[in-house]
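Chemist: Would you mind keeping the following structure in view while I ask a few things?
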Amino acid sequence: MKSSNQKLKLLYLMKILLEKTDEEHTLTVAQLIEELDRYGVSAERKSIYDDLECLRTYGLDICSVKAKSFGYFVASRDFELPELKLLVDSVQASKFITKKKSLELISKIEGLTSHNNAIKLRRQVFVANRVKTVNEKIYYNVDIIHEAISENCQITFKYFELDVDKKKVYRKNGGLYTESPLALSWDDENYYMIVYKKKYGSFAHYRVDKMESISIIDEKRQLPEESFDLSEYTKSVFSMFGGNEVKVSVKFHNSLAGVVFDRFGTEVPTLRVDDEHFLCNMNVAVSPVFLGWLVGLGDKAEIISPDSVVSEMKEHLEKLKALYDKK
């Protein structure tokens, strides 16, 4: 009497091949019959050959190798092992993905390869001590924001920071923000939502992992009259924590060309000053973080203009000096 699972024979055979075989691990026909038996499915050798050919016709890349007998394996998949390792590395390195969700996602990535290759991926995982967000709802936040952008609607949300006791402190005393989302950007290992503020004719951004109680409202987004260039915005603002955006001219030593282009892109205007230096004109949000970035480059970076930013740098350095003069 045939098992009720008999009709699922072809599906179980594909599952077995995908989960248990790869170039280094093959299964003979006898072993495939044994594996099918675990699912309550009986099979004869001839039917297995027919089924393997049927799966090949379907598109499964089944190859065979000859040892004492023929061994069969899935030769290619949607994702190769090096690609999966890249995905695992990206997930475990991402601050905006919580530790719990990181492990869940990596487990799902492991399901895209054989069990033996999944073990190799698992050895790559070092999530425990990574800096991770505490907001488990970030994935739903991202989905809602994408939906609002797609439907051209505004959203409301609460926004918080963490105090020294690691407790949430809500902006606006827990009141709601109402914003017009333009885009989402992943920068410096964090997700940001960029919005347009029509009242001020300017743009702003919020960390998505610091947003809560997001809702789409029945109000159309307020959009800028000119097209929004996300790449330009992120180059000038992200990792600088905001500030007034101005055009700044900085003289750099030639050895810092790569550093500058990594930060601002190769399209940023530059001009040779002499054999050892070049001038770079960039639109940046001037802030202590931007000034600190320049300080970190030492005497190989010098602000030339405007005078207001030169003065800000002098004040920044005086505060640092005063701090250490107390020692």
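Chemist: Which one is farthest from Asp209 (Cα to Cα), of the residues in the stretch 68-89 that are free of Cβ contacts under 8 Å to residues at least 24 places away in the same chain and open to solvent by 60 Å² or more (accessible area, probe 1.4 Å)?
Modeler: Among residues in the stretch 68-89 that are free of Cβ contacts under 8 Å to residues at least 24 places away in the same chain and open to solvent by 60 Å² or more (accessible area, probe 1.4 Å), the one farthest from Asp209 (Cα to Cα) is Lys68.
Chemist: Hey, can you tell me all the residues within the stretch 17-61 that are on the phi > 0 side of the Ramachandran plot and surrounded by 11 or more Cβ atoms within 10 Å (Cβ to Cβ)?
Modeler: Gly40
Chemist: Only one of these conditions is not met by Glu312: (1) loosely packed, with under 12 Cβ neighbours inside 10 Å; (2) more than 21 Å from Trp186 (Cα to Cα). Which number is it?
Modeler: (1) is the only condition that Glu312 fails.
Chemist: To continue, here is another question. Any residue at all in the stretch 9-17 that's outside any loop (DSSP other than H, G, I, E, B), more than 30 Å from Lys137 (Cβ to Cβ) and in contact with a strand residue (DSSP E or B) (Cβ under 6 Å, 6 or more places away or on another chain)?
Modeler: Looking for residues that are outside any loop (DSSP other than H, G, I, E, B), more than 30 Å from Lys137 (Cβ to Cβ) and in contact with a strand residue (DSSP E or B) (Cβ under 6 Å, 6 or more places away or on another chain), one finds at least one in the stretch 9-17, hence yes.
Chemist: Would you mind telling me which numbered condition in (1) buried (at least 16 other Cβ atoms within 10 Å of the Cβ); (2) touching a Lys or Arg at 6+ places or on another chain (Cβ under 8 Å); (3) touching a residue at least 40 places away in the same chain (Cβ under 8 Å); (4) not hydroxyl-bearing (Ser, Thr, Tyr) Ile304 fails?
Modeler: (1)
Chemist: Within the stretch 34-49, which residues are outside any helix (DSSP H, G or I) and within 43 Å of the chain's Cα centre (by Cα)?
Modeler: Tyr39, Gly40, Val41
Chemist: Only residues in the stretch 173-198 that are polar (S, T, N, Q) count as the first member; pair them with residues that are assigned to a loop (DSSP other than H, G, I, E, B) and open to solvent by less than 10 Å² (accessible area, probe 1.4 Å), Cβ under 9 angstrom, at least 6 apart or cross-chain, and list the lot.
Modeler: Within 9 Å, the pairs are Ser185/Phe238; Asn190/Ser94; Asn190/Phe238.
Chemist: Then there's this: Restricting to the stretch 162-175, count the residues that are of a type in the set (Asp, Glu) and open to solvent by less than 70 Å² (accessible area, probe 1.4 Å).
Modeler: 1
Chemist: From the set of residues in the stretch 280-301 that are surrounded by 16 or more Cβ atoms within 10 Å (Cβ to Cβ) and over 29 Å from the mean Cα position of the chain (by Cα), which is modelled with the lowest pLDDT?
Modeler: Cys280
Chemist: What's the total number of residues in the stretch 75-99 that are under 16 Å from the mean Cα position of the chain (by Cα) and either among the hydrophobic types (A, V, I, L, M, F, W, C) or in a helix (DSSP H, G or I) (or both)?
Modeler: Of the residues in that region, 14 qualify.
Chemist: Another one. Give me the pairs: first residue in the stretch 249-265 and free of Cβ contacts under 8 Å to residues at least 40 places away in the same chain and within 24 Å of Ser311 (Cα to Cα), second residue open to solvent by less than 50 Å² (accessible area, probe 1.4 Å) and part of a strand (DSSP E or B), beta-carbon distance under 7 Å, and six or more apart or on different chains, which are they?
Modeler: Val260/Phe252; Val260/Cys280; Phe264/Met282
Chemist: Now a separate question. Residue check: is Lys68 assigned to a loop (DSSP other than H, G, I, E, B), farther than 30 Å from Tyr191 by Cα and not acidic (Asp, Glu)? Even if it seems obvious, please write down each step before you answer.
Modeler: Values: assigned to a loop (DSSP other than H, G, I, E, B): yes; farther than 30 Å from Tyr191 by Cα: yes; not acidic (Asp, Glu): yes.
When the stated conditions are applied, Lys68 passes them.
Chemist: Quick check on Ser64: is it open to solvent by less than 80 Å² (accessible area, probe 1.4 Å) and touching a Gly at 6+ places or on another chain (Cβ under 7 Å)?
Modeler: Spelling it out, Ser64 is indeed open to solvent by less than 80 Å² (accessible area, probe 1.4 Å) and touching a Gly at 6+ places or on another chain (Cβ under 7 Å).
Per-residue answers, yes or no, for (1) among the small types (Gly, Ala, Ser); (2) open to solvent by 70 Å² or more (accessible area, probe 1.4 Å):
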{"site": "Ser150", "(1), (2)": "yes, yes"}
{"site": "Tyr177", "(1), (2)": "no, no"}
{"site": "Tyr191", "(1), (2)": "no, no"}
{"site": "Tyr196", "(1), (2)": "no, no"}
{"site": "Ala204", "(1), (2)": "yes, no"}
{"site": "Gln222", "(1), (2)": "no, yes"}
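Chemist: Taking strands (runs of 3 or more DSSP E) that fall entirely within the stretch 127-212, which contain at least 1 residues that are modelled with pLDDT under 90 and among the small types (Gly, Ala, Ser)?
Modeler: Hits in the stretch 127-212: 177-187, 202-207.
The values are calculated or read from the model by the stated rules, or taken from the named source; none is laboratory data. No experiment lies behind these values; they were computed from the predicted model shown. Every residue, glycine as well, gets a Cβ built from its backbone with ideal geometry; the counts of neighbours run over all protein chains shown. Each accessible area value is taken on the protein alone, full model and side chains, heavy atoms only, with ligands, DNA and RNA left out. Shrake-Rupley method; radii C 1.70, N 1.55, O 1.52, S 1.80 Å.
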